[in-house]
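The values are calculated or read from the model by the stated rules, or taken from the named source; none is laboratory data. All values reported here derive from a predicted model rather than from experimental measurement. Here the Cβ positions follow ideal geometry from the backbone for every residue, glycine too, while neighbour counts run over all protein chains shown. Heavy atoms of the whole protein, side chains included, go into the accessibility calculation; ligands, DNA and RNA do not. Shrake-Rupley method; radii C 1.70, N 1.55, O 1.52, S 1.80 Å.
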Amino acid sequence: PWKPGRGLLTRVTLADNVVEGLVLRRTGNAGIFIRSTWSPTCGVPKSRPCRSFNRIHDTTIADNTIETRGTGVKLALYNGGDRAERVTVTGNTIRISGSTDAGIEIEAGNDAGDDGTPARISDVLIARNSVEGSAGAGISVGSGVQRAQGNLTQRVRVLDNRVHLVRRVCQAVAHAHR
């Protein structure tokens with residue numbers, strides 16, 4: 001069986017997943033974290049980019065209560081060719097203490113897109129969530145984070161969320177791209 005750090009999983013589809021009604025308390029780096037895999041055999045600083053062509057689609061993260069020191073909900077694409085499509089993040093209550101991350105993060109980063117093979121994020125709905133506490137941002141959508149470039153983000157809707165952050169320098173909603 002595959003284990004983290006042992007080569008790159010490719011052409012994997014995660015579909016029709018629902019994460020609903022959880023109560024997560026005192027989580028570390030992230031409450032709910034869905035991501036493509038990484039590999040020590042490719043990507044920066046290696047000369048060969050990582051291309052995995054994995055898909056995450058028709059995924060719902062709804063009505064969860066998350067207390068964390070990191071990100072509440074995170075979906076991340078890390079490799080060229082990865083896709084996240086039809087993702088819904090709704091009705092979650094997220095309380096953050098002392099993080100520089102966001103309450104909700106949807107991002108393509110690391111090596112994704114750097115070799116002309118973009119990662120794609122499309123048809124995402126982030127609605128009716130509550131994010132509060134001490135964090136770097138309430139909601140962050142990024143197609144070019146952590147040195148990534150050339151990715152595509154389209155049809156992302158951020159609607160009717162409540163964000164209350166206590167840190168003096170923060171953003172309620174951030175969008176990063178290159």
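Here are the numbers for the structure shown:
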item	result
Breaking point among (1) over 13 Å from the mean Cα position of the chain (by Cα); (2) in contact (Cβ under 8 Å) with a residue 40 or more places away in the chain, for GLY133	(2)
In region 119-140, the residues that are among the aliphatic types (A, V, I, L, M) and over 16 Å from ASP82 (Cα atoms)	LEU125, ILE126, ALA127, VAL131, ALA135, ALA137, ILE139
Conditions (1) in contact with a Leu (Cβ under 6 Å, 6 or more places away or on another chain); (2) over 18 Å from ILE66 (Cα atoms); (3) in a strand (DSSP E or B); number of the one not met by LEU14	(1)
Residue match in region 96-106 (condition: assigned to a loop (DSSP other than H, G, I, E, B), surrounded by 20 or more Cβ atoms within 10 Å (Cβ to Cβ) and not hydroxyl-bearing (Ser, Thr, Tyr))	no
Tabulated pairs, region 115-129, first closer than 12 Å to ILE104 by Cβ, second part of a loop (DSSP other than H, G, I, E, B) and open to solvent by 10 Å² or more (accessible area, probe 1.4 Å), C-beta under 7 angstrom, 6+ apart or interchain	ILE126/ASN161; ALA127/ASP160; ALA127/ASN161; ARG128/GLY91; ARG128/ASP160; ARG128/ASN161; ASN129/GLY91; ASN129/ASN161
Selection count where residues are open to solvent by 70 Å² or more (accessible area, probe 1.4 Å) and hydrophobic (A, V, I, L, M, F, W, C), scope region 149-166	2
Within region 116-126, tally of residues that are out of contact with any Lys or Arg (no Cβ under 7 Å at 6 or more places or on another chain) and surrounded by fewer than 20 Cβ atoms within 10 Å (Cβ to Cβ)	1
Cβ-Cβ under 8 Å pairs, at least 6 apart or on other chains, region 29-48 side closer than 19 Å to ALA108 by Cβ and of a type in the set (D, E, K, R), far side at pLDDT 85 or above and open to solvent by less than 100 Å² (accessible area, probe 1.4 Å)	ARG35/LYS74; ARG35/LEU75; ARG35/ALA76; ARG35/LEU77
In region 32-54, residue modelled with the highest pLDDT [restricted to those that are among the charged types (D, E, K, R) and closer than 13 Å to THR117 by Cα]	ARG51
Residue among ARG86, ARG48, ARG55 that alone is of a type in the set (Lys, Arg) and under 20 Å from ASN129 (Cβ atoms)	ARG86
